[in-house]
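Worksheet: the structure to be examined is printed underneath.
The values are calculated or read from the model by the stated rules, or taken from the named source; none is laboratory data. Because the structure is a prediction, the values reported are computed rather than measured. Cβ sites come from the backbone with ideal geometry, for glycine too, and all protein chains shown count toward neighbours. Just the protein is used for accessible areas: all its heavy atoms, side chains included, with ligands, DNA and RNA removed. Shrake-Rupley method; radii C 1.70, N 1.55, O 1.52, S 1.80 Å.
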Amino acid sequence: MSEDRSEEPKPRRRQARGERRIAQLLQAAANVFCANGYTASSTNAIAREAHVSPGTLYQYFPNKEAIAIELGERLLHEMREAHGQAFVPENLALPLPRLLDAVVDPMIEFNCANPVFLALMHGSEVPGRIAEEHDALHASLLARVQEVIAHYAPGLPGPDRARVADMTFATFKGGLDLVLAAPEGPERDATIAELKTLLLRYLAPLTDEAAPASPR
């Protein structure tokens, strides 16, 4: 019986080593995709970045597409969690400036922590499965933005609400590029603040919180 107990941890140790190796390879792939883009990257480059042989890489992933799919699915899962933090119902009780903080901050935090997300999701020849999941996530996010706009501007007609959601999301994505390009620290913080100001000035006149126009 003691021999059986001594053998039990070994599969778990092997599994843990395998999970660490997969995490190492995925991080290396993220670095390579960020530097070169998905199309120009290769499994050899990923293996070099991970400091392993190509043969070791192929023990875990048969090709570059399989690596991208695994990495993309993990990123999309984390992105959905960020959406969940941003769009909780209680945030709708906040004034619009605080609502923007609650929505924008988790999204920026995720993208700053995972710069490969944009490089992989918006690259050419990204695996179709990942592109489809990203498109579904994008549609879900737009629907959430429309729900928020409907709450703050209940009198806005549906087509206008959809147009405002599209513009809001496009503005955020454009500002996000500037945020990611800014050095960490005061410059990035100032860029984030400017993005929030831009969104607030666009959305506030559409909402019930807008101040009455001053007489001319």
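Here are some notes:
- The chain, accessible area per residue, ligands and nucleic acids excluded (1.4 Å, Å²): 58
- In the chain, the portion of solvent-accessible area held by carbon and sulfur atoms comes to 53 percent [1.4 Å probe, whole percent, DNA, RNA and ligands not counted].
- Net lengthening on full extension, Leu94/His122 (0.36 nm per residue, minus Cα-Cα): 6.8 nm
- Nearest-0.05 FRET efficiency for Arg20 and Phe169, computed from C-beta distance (R0 30 Å): 0.20
- Taking each DSSP H run with n ≥ 4 as -39500 (n - 2.57) and averaging over every residue of the chain yields -25000 deg cm²/dmol at 222 nm.
- The distance separating the Cα centre of the stretch 29-92 from that of the stretch 154-185 comes to 25 Å.
- Among Arg80, Arg188, Arg144, the sequence by solvent-accessible area, most first, with a 1.4 Å probe is Arg80, Arg144, Arg188.
- Mean separation of Cα contacts under 8 Å, 6 or more apart, over the residue count of the chain: relative contact order %: 19
- The accessible-area ordering, largest first, of the residues Leu120, Leu94 stands as Leu94, Leu120, per a 1.4 angstrom probe.
- Between Glu184 and Ser42, the distance separating the two model label sites (each 7 Å from Cα on the Cα→Cβ line) works out to 3.2 nm.
- If only the Cβ of Lys and Arg carry +1 and only the Cβ of Asp and Glu carry -1, the dipole of the chain around its Cα centre is close to 320 debye.
- The modelled label-to-label distance for the pair Asn63/Ser140, using points 7 Å beyond Cα in the direction of Cβ, is 2.8 nm.
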